[in-house]
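First the structure, in the form of structure tokens, and then the observations on it.
The values are calculated or read from the model by the stated rules, or taken from the named source; none is laboratory data. As the structure is a computational prediction, the values presented were derived from the model and not from experiment. Here the Cβ positions follow ideal geometry from the backbone for every residue, glycine too, while neighbour counts run over all protein chains shown.
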Amino acid sequence: MGFFLNPLRREFVARPDASKGQIVFKWPDATIPKFAQVTVEADEVALFLKEGRVAGVLQPGRSTLDAANIPFLGGLVDNATNGNFFKSELYFVGTREFPNLPFGGVIDNVVDPETQLAVGLRVFGDYSLKVIDPGALIVNLAGTRNLASNDAITDWMREQVLKVLRTGVTAQIVRNGWPILGIAARTDDIEKETLAAVQTQVSSYGVQIVRMGNFTISLDQKDEETLKNFRRDVSYTKLAGSFTQYGAGEALRGIGEGAANGNAGGGSSALLGIGLGLGNIVAGAAAPPAQAPQQQAAPAQPAAPAQPGTAHFCSSCGTALAAGANFCANCGAHVTPG
């Protein structure tokens, strides 16, 4: 007795409407009736696989499964059914662009070229992908699984994007010396390089990352505050002339703010003393360096007293007096001229 077609078998093969959004849809039956009508939409192709290899591809349109018209079907004939069925795995693979696929996470700790501080960078955005080699996608990534969602594909592509960002962004910052503050201004450059570099990571899966959107690089909030404070301190230090003067000025400002907030009584006296001390620091730092004291001349030695009997002497100190002197040159006493 020959094998007859079961009228309950599906003779119309197409992707269900509920699966239109899937990148890969696997037809549930491994045996497909001869002369079945296969409908392939304009944004997809149909792949027949046997033993893990692509046996043939149907392009968009409606095809009748007949080995006489589609030669590769000859290798898929199920002889156990007298040639009434083809034995094959059938996949519908979307070839349109799949947009709005999110990615994001921490890139890495990056050393800021401006401050030499290590900060954490984060990146967020979305990307779109397009299948350019359906066979490579099925064989190398999707495998023979029945993918109920796109997660198995898109999650892996997201990891490839982040992998490129982790290495690429860090390399660009170091190579170009880009300050981390203001890194958002470099978004276009980073996006272009990332888009070019990621293709080498995903091409073996038959996929192309077409574009990126809402691409944002941001700092951890605490790290951003640290960098802003550092930049402010450097700017103010240059204006003040030295870090000591800037620090003293900051302390005085803090004292002033404390007083304005109601610190009074005994506390105000202490604050005033601290403020005067800091003011002296500022004044001392601003004042020119003191000149070294000049060496004082040695005091004049008193004239040696003359020997008695040879000159006129001061009655007070015994110093010899000049002829006709009215006052002693040593002690200033009034004397009677000799």
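Observations
- Matching residues, region 88-117, being without any contact (Cβ under 8 Å) to a residue 60 or more places away in the chain, exposed (fewer than 15 other Cβ atoms within 10 Å of the Cβ) and in contact with a helix residue (DSSP H, G or I) (Cβ under 8 Å, 6 or more places away or on another chain): Pro102, Gly105
- Looking across region 70-84, the residues that are buried (at least 17 other Cβ atoms within 10 Å of the Cβ) and within 17 Å of Ala46 (Cβ to Cβ) come down to Ile70, Leu73, Leu76.
- Strands (runs of 3 or more DSSP E) contained in region 66-118 and holding at least 3 residues modelled with pLDDT under 95 and within 16 Å of Ile217 (Cβ to Cβ): 97-111
- Counted as qualifying within region 134-217 are the helices (runs of 4 or more DSSP H) with 3 or more residues that are touching a helix residue (DSSP H, G or I) at 6+ places or on another chain (Cβ under 6 Å), namely 151-176, 187-202.
- Screening Arg211, Arg232 for residues that are modelled with pLDDT under 85 and of a type outside the set (Gly, Ala, Ser) leaves exactly one candidate, Arg232.
- All of Arg175, Arg166 fail the test of being farther than 17 Å from Thr115 by Cβ and either hydrophobic (A, V, I, L, M, F, W, C) or over 13 Å from the mean Cα position of the chain (by Cα) (or both), apart from Arg175.
- Scanning region 306-324 for residues that are more than 13 Å from Thr336 (Cβ to Cβ), at pLDDT 75 or above and out of contact with any strand residue (DSSP E or B) (no Cβ under 9 Å at 6 or more places or on another chain) turns up Cys317, Gly318, Ala322.
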